[in-house]
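Just below is one structure, and these are the notes that go with it.
Please treat every number below as a calculation from the coordinates, not as lab data. These figures come from a predicted structure and were not determined experimentally. So basically every Cβ, Gly included, is an ideal-geometry build from the backbone, and we count neighbours across all protein chains shown.
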């Protein structure tokens, strides 16, 4: 395999890895899926701070 | 779970969150600025205190002259209680320096002498007491007999389109409050599972805050009352964080509190994953 192909493959693999990590660690899939449900079926999210 | 009120405010405005517990003045200010939200219930009564270093020079509030006190937000009851104390001691706002600080940071800041005092909700006063470096100068009720702090705010579109969900939420809060106020064993159980699964704080800390004494935080009388909110509104105007006399009906929807009257306490077995 030529050097340029190796580099291209390496860059592509790196992008896939970083994208996968981003999608896994930074995306709140439950919120995104919840947003796509009909309004009447969506879960209601309540925000709080651990303080009275 | 969030770490600061500004983040909660943004999440509510952007509809990432449909409801939120936030300090009452912030909720009133949001509505006054046209954000479509309404307060539907209280979270609790009391539960805030001004805390100073245990062995420090501040023995009364008058000793706060020239000192720095941390508050959670300029739109907070904890700031308003400081103003009430200033008035009681014939002091001017310029006699002290107020700084805004995220609630989880205040105990450490007090211990490190970065601030001289903080005005904050539980469990942070308890954290300073348990840590051995803090002393409660006064509890909020001392200068504000019907003190309230956190309220439940809901987006108007939720109130309009999903009333039953909002009512279920308010009913649950009402039942939890009745259950908590039934006595020490329930408060200790709550400290355990809330500390471990929701607040991610030491259950012993929450146990201290909920039982030392038992009425340090009270979870009854949570229906929004006009005199309470008129007082908050007027204090906000007086202290320069609100520029119009917004009426109670504009930012409160008390129908859900009415619907929650007659609720009974949860039936909950310690260690169970469900309540009835």
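Cβ crowding within 10 Å, taken as a proxy for footprinting-reagent exposure, orders B:139, A:22 from fewest neighbours to most as A:22, B:139. Taking the DSSP bridge list for the protein assembly as shown and keeping only pairs wholly inside it, about 75 percent are antiparallel.
Across q = 0.14, 0.17, 0.18 Å⁻¹, the range B:169-226 modelled as identical point scatterers on its alpha-carbon atoms has Debye log10 I(q)/I(0) values of -0.38, -0.56, -0.62, in the order of the q list. Between the alpha-carbon centres of the range B:200-273 and the range B:139-179 there is a gap of 6 Å.
The value given for the range B:46-142 is a Kirkwood hydrodynamic radius of 12.8 Å, derived from the mean inverse Cα-Cα separation. Inter-chain neighbour count for B:96-105: the average number of beta-carbon atoms from partner chains within 10 Å of each residue's beta-carbon is 1.
Solvent-free Debye calculation, one equal scatterer per alpha-carbon of the range B:92-150: log10 I(q)/I(0) at 0.18, 0.19, 0.29, 0.30 Å⁻¹ equals -0.69, -0.76, -1.30, -1.32.
Listed from fewest to most Cβ neighbours within 10 Å, the set B:234, B:192, B:160 follows the order B:160, B:234, B:192.
Mean per-residue shielding of peptide B:175-187 is 0, counting Cβ atoms of other chains within 10 Å of each Cβ. If you bin all the Cα-Cα distances of chain A at 5 Å, starting from zero, the percentages per bin are 4, 15, 12, 12, 12, 12, 9, 7, 6, 5, 4, 1, 0.
If R0 equals 35 Å, the separation of the Cβ atoms of residue A:43 and residue B:54 corresponds to a calculated FRET efficiency of about 0.20. The alpha carbon convex hull volume per residue for the range B:99-220 rounds to 137 Å³. Taking the inverse of the mean reciprocal distance over all distinct Cα pairs, the Kirkwood hydrodynamic radius of chain B comes to 19.3 Å.
Note on residue B:192 and residue B:97: their simple-model spin labels are 4.6 nm apart, each label 7 Å out from Cα toward Cβ.
Need one word for the protein assembly as shown: rounded, prolate or oblate. Basis is the Cα gyration tensor (sqrt eigenvalues a ≥ b ≥ c); a/c below 1.5 gives rounded, then a/b vs b/c decides.
Since a/c reaches 1.5 and a/b is larger than b/c, the shape of the protein assembly as shown is classed as prolate.
This ranking places B:22, B:236, A:41 by how few other beta-carbon atoms lie within 10 Å of each, fewest first, which gives A:41, B:236, B:22.
Judged by the mean number of other Cβ atoms found within 10 Å, the most tightly packed of the peptides B:118-129, B:35-46, B:167-178, A:2-13 leads the ranking B:118-129, B:35-46, B:167-178, A:2-13. Inter-part distance, the range B:1-32 to chain A, computed on C-alpha centroids, equals 25 Å.
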